[in-house]
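K.L.:
Got a structure here, written out as structure tokens. Questions coming.
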């Protein structure tokens with residue numbers, strides 16, 4: 001049950017009714033999210049500065065760090081605002097003088113006209129993203145590569161969503177402050193909000209990438225949104241200039257040319273913030289990471305998810321939550337509040353139905369299946385634009401207490417993941433990356449000959465389903481990802497008993 005307590009940084013907790021929202025409306029939102037969209041992972045709803053509801057779908061929670069993808073851009077904007085307030089730069093400064101020696105040999109008139117303001121508003125004049133996969137996966141100079149891209153339009157006249165612009169903003173902040181974006185933000189904004197252990201990806205030259213890569217908690221995103229809702233004020237301190245908050249979240253440019261057809265992506269763009277319908281604005285990141293601020297309702301909604309359709313969850317907000325936000329407190333409704341709390345306490349991702357074991361499982365357990373080199377599929381990583389997949393050498397599945405352990409050997413080493421037959425097993429795996437990542441895994445036999453592992457990568461929206469189909473003396477392992485920047489499925493790999 002919600003109680004009205006407060007720590008140094010946490011927002012106070014109370015009931016929805018105390019802040020003018022029926023518990024039944026929040027329950028309707030949660031139910032619709034369960035039934036109509038592919039995977040919400042967690043949310044924190046704030047009204048009048050109080051957390052009125054929060055929930056997460058097991059195995060996720062709102063208090064674990066998570067990569068926020070392009071929601072990072074709104075923090076980049078905040079750093080620029082602080083640097084402007086300190087007199088270190090201006091939004092009307094030309095960009096090229098910040099990077100002496102990095103400009104191309106021939107500087108076009110459009111590039112020469114590029115200003116900090118254009119980076120903030122995604123109106124750099126580029127016809128497409130300037131920080132593509134080839135640049136990101138290189139060991140080269142990202143700044144030089146971005147500045148070398150053709151600037152096809154006059155800056156300020158053409159909106160194109162462009163993480164290269166955000167990267168240059170990060171590089172400018174580092175140039176004028178002598179600190180990375182993260183280090184610069186830490187004492188000025190993050191620590192006052194109680195964000196103590198944020199991380200941020202960097203390019204090969206040590207510059208925080210700016211456009212993505214920040215990892216924080218959903219509960220911390222809610223506080224960030226509340227800071228903006230309060231005009232940059234937090235606990236009596238003006239952390240961000242009020243003028244910057246107003247400018248960053250206003251409609252600075254039209255984006256009618258935005259190729260996405262969804263309504264909430266065509267409402268205009270500020271300084272690394274999207275405008276939204278109903279007078280709202282937001283920072284957002286790929287696959288459903290949201291900081292949605294509703295000034296007219298004095299509300300903030302932080303969301304994390306693994307969504308293939310980001311507009312769908314906003315539509316549920318407009319349908320269920322927005323119209324329920326009244327102007328005055330409501331009478332207590334113990335029945336509705338109890339129903340909501342019970343629903344929130346029992347949220348969990350759906351997993352495939354199956355059995356803990358089968359006759360086949362006993363036959364194949366502990367046996368090594370060898371993948372013949374000539375049978376290896378060629379291709380790229382399905383979940384992102386990155387290096388090619390590593391060639392698999394052996395596959396084995398072992399019974400462990402309460403579940404199953406998959407072991408895959410490839411040219412990078414041996415990788416394991418353990419899944420629980422009931423619920424989730426929390427652990428780490430390097431199965432899809434060069435480093436161990438925190439995961440929660442479920443394993444079940446969906447038919448006599450097929451074991452399926454559901455691997456939730458807890459710091460990201462990605463959920464990987466590994467299907468091992470056994471037939472005679474061979475196993476075929478298939479992998480698919482819930483959401484991706486590229487192909488969601490990998491080519492299947494077949495191993496044999498030798």
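K.L.:
Given the conditions (1) surrounded by 24 or more Cβ atoms within 10 Å (Cβ to Cβ); (2) outside any loop (DSSP other than H, G, I, E, B), and given that residue 244 satisfies all but one, which numbered condition is not satisfied?
P.N.:
Unmet for residue 244, out of (1) surrounded by 24 or more Cβ atoms within 10 Å (Cβ to Cβ); (2) outside any loop (DSSP other than H, G, I, E, B): (1).
K.L.:
I'd like the full set of residues that are surrounded by fewer than 23 Cβ atoms within 10 Å (Cβ to Cβ) and closer than 30 Å to residue 488 by Cα, limited to the stretch 283-309.
P.N.:
286, 308, 309
K.L.:
Consider residue 164 carefully, then state whether it is at pLDDT 95 or above, more than 28 Å from residue 65 (Cβ to Cβ) and outside the structural domain of residue 437 (by TED's automatic domain parsing).
P.N.:
It is false that residue 164 is at pLDDT 95 or above, more than 28 Å from residue 65 (Cβ to Cβ) and outside the structural domain of residue 437 (by TED's automatic domain parsing).
K.L.:
Let me ask another. Quick check on residue 78: is it in contact with a strand residue (DSSP E or B) (Cβ under 8 Å, 6 or more places away or on another chain), part of a helix (DSSP H, G or I) and crowded, with 21+ Cβ neighbours inside 10 Å? Break it down stepwise before answering.
P.N.:
On the way: in contact with a strand residue (DSSP E or B) (Cβ under 8 Å, 6 or more places away or on another chain): no; part of a helix (DSSP H, G or I): yes; crowded, with 21+ Cβ neighbours inside 10 Å: yes.
Taking the combined requirement at face value, the residue does not satisfy it.
K.L.:
Suppose the filter is closer than 17 Å to residue 364 by Cβ and surrounded by fewer than 20 Cβ atoms within 10 Å (Cβ to Cβ); does residue 412 pass it?
P.N.:
For residue 412, the condition - closer than 17 Å to residue 364 by Cβ and surrounded by fewer than 20 Cβ atoms within 10 Å (Cβ to Cβ) - is not met.
K.L.:
Quick one: which of 153, 126 is part of a loop (DSSP other than H, G, I, E, B), surrounded by 20 or more Cβ atoms within 10 Å (Cβ to Cβ) and assigned by TED's automatic domain parsing to the domain that holds residue 199?
P.N.:
So the residue among 153, 126 that is part of a loop (DSSP other than H, G, I, E, B), surrounded by 20 or more Cβ atoms within 10 Å (Cβ to Cβ) and assigned by TED's automatic domain parsing to the domain that holds residue 199 is 126.
K.L.:
Does residue 180 satisfy the condition of being in the same structural domain as residue 210 (by TED's automatic domain parsing), surrounded by fewer than 21 Cβ atoms within 10 Å (Cβ to Cβ) and touching a helix residue (DSSP H, G or I) at 6+ places or on another chain (Cβ under 7 Å)?
P.N.:
Numbers: in the same structural domain as residue 210 (by TED's automatic domain parsing): yes; surrounded by fewer than 21 Cβ atoms within 10 Å (Cβ to Cβ): yes; touching a helix residue (DSSP H, G or I) at 6+ places or on another chain (Cβ under 7 Å): yes.
Criteria met by residue 180.
K.L.:
Residue by residue through the stretch 156-183, note down the ones that are farther than 12 Å from residue 210 by Cβ and either part of a helix (DSSP H, G or I) or in contact with a strand residue (DSSP E or B) (Cβ under 7 Å, 6 or more places away or on another chain) (or both).
P.N.:
Selection gives 159, 175, 176, 177, 183.
K.L.:
Kindly establish whether residue 221 is in the same structural domain as residue 271 (by TED's automatic domain parsing), crowded, with 23+ Cβ neighbours inside 10 Å and either in contact with a helix residue (DSSP H, G or I) (Cβ under 9 Å, 6 or more places away or on another chain) or more than 16 Å from residue 131 (Cβ to Cβ) (or both). Steps first, answer last, please.
P.N.:
Numbers: in the same structural domain as residue 271 (by TED's automatic domain parsing): yes; crowded, with 23+ Cβ neighbours inside 10 Å: yes; either in contact with a helix residue (DSSP H, G or I) (Cβ under 9 Å, 6 or more places away or on another chain) or more than 16 Å from residue 131 (Cβ to Cβ) (or both): yes.
Here the answer is yes, as residue 221 does meet what is asked.
K.L.:
What number of residues within the stretch 249-270 are in contact (Cβ under 8 Å) with a residue 40 or more places away in the chain and touching a strand residue (DSSP E or B) at 6+ places or on another chain (Cβ under 9 Å)?
P.N.:
10
K.L.:
Sort out which residues of the stretch 91-105 are in contact with a helix residue (DSSP H, G or I) (Cβ under 8 Å, 6 or more places away or on another chain) and either more than 19 Å from residue 179 (Cβ to Cβ) or without any contact (Cβ under 8 Å) to a residue 24 or more places away in the chain (or both), and write them in order of number.
P.N.:
Result: 91, 92, 93, 94, 95, 96, 102, 103, 104.
K.L.:
Which residues, counting only those in the stretch 129-150, are surrounded by 16 or more Cβ atoms within 10 Å (Cβ to Cβ) and assigned to a helix (DSSP H, G or I)?
P.N.:
Within the stretch 129-150, 135, 136, 142, 143, 145, 146, 147 qualify.
K.L.:
Is it true that residue 214 is assigned by TED's automatic domain parsing to the domain that holds residue 279, within 30 Å of residue 60 (Cβ to Cβ), in contact with a strand residue (DSSP E or B) (Cβ under 7 Å, 6 or more places away or on another chain) and free of Cβ contacts under 8 Å to residues at least 60 places away in the same chain?
P.N.:
When the stated conditions are applied, residue 214 does not pass them.
K.L.:
Residues in the stretch 369-401 that are farther than 24 Å from residue 498 by Cα and modelled with pLDDT under 55: how many?
P.N.:
10
K.L.:
State yes or no: is residue 63 farther than 30 Å from residue 482 by Cβ and surrounded by fewer than 18 Cβ atoms within 10 Å (Cβ to Cβ)?
P.N.:
No, not satisfied.
The values are calculated or read from the model by the stated rules, or taken from the named source; none is laboratory data. As the structure is a prediction and not an experimental result, all values here were calculated from the model. Using ideal geometry, Cβ is built from the backbone for each residue, glycine included, and neighbour counts are taken over all protein chains shown.
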